[in-house]
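One structure, as structure tokens, below. Some questions next.
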Amino acid sequence: MPTILQCLHRQIETLQEEQIQQKQNQVKQILKTALNHENFEMSETLSATDVDGWDSLSHMIIISKVEKQ
């Protein structure tokens, strides 16, 4: 039987994972909007050079919108 601390730790991990997923979804929506790409797919290795239209101006727009979140 798990201890109370183990249960709390699992709950915290779950909450953190949900928060991470929520932030990732917010960033993905910002990227889709700023870059005007509806079929945009994020990945761990994605960089600006991989995406058509991701130039210095769109980069500044992305940074601004992410910071406002």
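The values are calculated or read from the model by the stated rules, or taken from the named source; none is laboratory data. Please read these numbers as outputs of a predicted model, since none were measured by experiment. Note: ideal-geometry Cβ built from the backbone for every residue, glycine included; neighbour counts use all protein chains shown.
Rundown of residues vs (1) among the charged types (D, E, K, R); (2) assigned to a loop (DSSP other than H, G, I, E, B); (3) more than 30 Å from Asp52 (Cβ to Cβ); (4) in contact with a helix residue (DSSP H, G or I) (Cβ under 9 Å, 6 or more places away or on another chain), yes/no style:
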residue: His9; (1), (2), (3), (4): no, no, yes, no
residue: Thr14; (1), (2), (3), (4): no, no, yes, no
residue: Glu18; (1), (2), (3), (4): yes, no, yes, no
residue: Leu31; (1), (2), (3), (4): no, no, no, yes
residue: Ala34; (1), (2), (3), (4): no, no, no, yes
residue: Asn39; (1), (2), (3), (4): no, yes, no, yes
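Then there's this: Identify all residues within segment 32-69 that are modelled with pLDDT under 85, more than 19 Å from Ile20 (Cβ to Cβ) and hydroxyl-bearing (Ser, Thr, Tyr); write none if there are none.
Once the filter is applied, which keeps residues that are modelled with pLDDT under 85, more than 19 Å from Ile20 (Cβ to Cβ) and hydroxyl-bearing (Ser, Thr, Tyr), segment 32-69 yields only Ser47.
Okay, moving on. Being of a type in the set (D, E, K, R) and exposed (fewer than 11 other Cβ atoms within 10 Å of the Cβ) is the filter here; which residues of segment 1-31 pass it?
Of segment 1-31, the ones of a type in the set (D, E, K, R) are 10, 13, 17-18, 23, 28.
Glu13, Glu17, Glu18, listed by residue number.
Would segment 32-40 turn up any residue that is surrounded by 11 or more Cβ atoms within 10 Å (Cβ to Cβ) and either under 12 Å from the mean Cα position of the chain (by Cα) or of a type in the set (Asp, Glu) (or both)?
yes
Would it be correct to say that Ser43 is among the small types (Gly, Ala, Ser) and assigned to a helix (DSSP H, G or I)? Step through it out loud before you land on a result.
On the way: among the small types (Gly, Ala, Ser): yes; assigned to a helix (DSSP H, G or I): no.
Here the answer is no, as Ser43 does not meet what is asked.
Can you tell which of Ser43, Ser58 is surrounded by fewer than 11 Cβ atoms within 10 Å (Cβ to Cβ) and of a type in the set (Ser, Thr, Tyr)?
Values: Ser58 fails: surrounded by fewer than 11 Cβ atoms within 10 Å (Cβ to Cβ).
Just a single option satisfies the conditions, and that option is Ser43.
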